[in-house]
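As structure tokens, the structure follows; a few thoughts come after it.
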Amino acid sequence: MKFDRRELLTLVGAGALTGIASPLRAGNGPFAVHRPEPGLVEAHLTAAPTRHTVAGRDAELWTYGGGFPGPELRLRAGETLRLHFHNDLPEVTNLHFHGLHIPPTGRADNIWIDIPPGESFRYEFEIPESETGTFWYHPHAHGRIARQMWRGLSGPLVVEGGIDDMPELRAADDRTIFLRDIEFMGDVPTRHWPNDWSHGKEGRLVLCNGQSAPTIQARASLVRLRLINASNAHYMRVGRADGRPLHVISTDGRTLAKTRTAEDVLLTPAQRMDVLVEMPKDTEVELLHLPYDRRSPHLSRRQTLATLRPPEEHLSIPVPEMLQSFAAPDPARAVRRRFISMAMFLLNGQPYNPDRIDQVGRGGDIEIWKVSNVGTMDHPFHMHTWYFQPLTMNGQPWPYSCWRDTVNLTPGDTVELLVPLSHYTGKTVYHCHIAEHGDKGMMGILDVRDA
């Protein structure tokens, strides 16, 4: 049976398809949240060593909430999150709410906070009404990021609202797909060897929601996959084994103006992408991890990420074409241009120094950042707090309008980014999101001050 958009509106409005659309969480299930008053979400999260079974192996990991990955936090745009975080690790840690456009100061996305072993900290911030999409959280205590993430610390974060209320997406099967790799030595993740700091740490076991090649029962003919690459350095190129396309509706948590069709999609470490998968009536869909050469010694191979079983009842749901209007500042309004070069362990020829301000901006200004990879392997450039619009790559216009917080540069690439320093002031960072590279120096400090 096939529905047109008018029929979908009627069925969703009547609640006939709401059971199909209830989201399935990744990892350790959803956060146990409490809503003591309208608009306030309260939750508790502990980082601690935990025994966990991974692909049939009993392992000692560092986890959030005892899960691998950590529990999924789902919020609504406009809500305030009050998160009580406790550190039961044997070393300092903290939290970074990756991709969220929230203050880099106070109790929000403040990476300068160090939470000692045995201590607690209360994070509290409001999610802007415009802030909807797929995000994630992970540690960001400089010099410890790579090791802590590798041992298991990361989890998904979803903010609902906006296009989620479109009839097609309300009727779709909403799935969070949390991707990462790992390798074990005995019952613990392998240690960081000297070459891992230059190459980036990778493992042969590629996991989907903490499992090796799971089978997922689809609950609708249209499946929304919220893809998150939480790897330290592993690039995830994802496609369908049957060669049919994926339909991209969002990049790095930011909704596109219209749906894009792609044979496969590439997610660098830290990137997210929401894609729609059309399910055949009675055939499974195999999601593949496809080879990608990031110019490192690590070999990327074809393997199964997950298998989607067709829904028990096949009610055809159309793929939406138009999603929302796309608004972006005019690049001619940019008041400043910056130039950033990326090379092994260096940005603009310098290693990271926590006592040095590398860039000073002014709140409300629009800037253009020109970022060049002068190294010999791929580097994903990531900016905290303020997302950007890619304008050009190697002098050619970016193929479609979008907002990102992470962009990949192959050796020799130069990308121009439109960066509105909107809404907030404060000190934060930009860096290579190969976690080992950031820890070893590919990071700079941006201080945005009052106009």
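At-a-glance table
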item	result
Residue 361 long-range amide H proximity, modeled H, under 5 Å	447, 448, 449
Neighbour-limited loop hits for GluC sites (Glu not before Pro), the stretch 312-403 (at most 11 other Cβ within 10 Å; DSSP other than H, G, I, E, B)	312, 313, 321
Interchain or long-range residues, amide H under 5 Å from residue 40's placed H	80
DSSP-defined antiparallel bridges as percent of all bridges, the chain, nearest 5	70
Value of relative contact order over the chain, rounded to a whole percent, pairs C-alpha under 8 Å and six or more apart	14
Separation of the residue 257 and residue 307 label points, Cα + 7 Å toward Cβ, nm	4.2
In the stretch 191-294, the trypsin sites (Lys or Arg not before Pro) that fall in loop regions by DSSP, at most 15 other Cβ within 10 Å	191, 204, 281
Cut-off under 5 Å, modelled amide H: who pairs with residue 68 long-range	28
Three semi-axes of the equivalent ellipsoid, the stretch 341-451, Cα gyration tensor, whole Å, largest first	21, 19, 10
Total lysine pairs under 24 Å (Cα atoms) in the chain, excluding pairs fewer than 8 apart on one chain	6
Where trypsin sites (Lys or Arg not before Pro) fall in DSSP loop in the stretch 59-140, at most 16 other Cβ within 10 Å	107
Whole-Hz ³J(HN,Hα) from phi, Karplus 6.51 cos²θ - 1.76 cosθ + 1.60, for the stretch 368-385, glycine and proline x	10, 9, 9, 10, 10, 9, 9, x, 10, 9, 5, 9, x, 8, 10, 10, 7, 6
Footprinting exposure proxy for 335, 429, 275 (fewest neighbouring C-beta atoms within 10 Å first)	335, 429, 275
In Hz, Karplus ³J(HN,Hα) per residue of the stretch 213-220 (6.51, -1.76, 1.60; θ = phi - 60°; x = Gly, Pro)	6, x, 9, 10, 7, 5, 10, 7
Kirkwood-based shape ratio for the chain, expressed as Rg/Rh from alpha carbons	0.94
Pairwise centroid distance, computed over Cα atoms, of the stretch 58-104 with the stretch 377-406, Å	26
3J(HN,Hα) from dihedral phi, the stretch 94-108, Karplus parametrisation 6.51/-1.76/1.60, rounded to Hz, x for glycine, proline	6, 10, 10, 9, 5, x, 6, 8, 9, x, x, 10, x, 9, 9
The chain, dipole about Cα centre (Lys/Arg Cβ +1, Asp/Glu Cβ -1), debye to the nearest 20	560
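Where a number appears in this text, it was derived from the coordinates with a stated rule and is not lab data. Remember, predicted model here, so these are calculated numbers, not experimental data. FYI the Cβ positions are ideal-geometry reconstructions off the backbone, even for glycines, and counts take in every protein chain you see.
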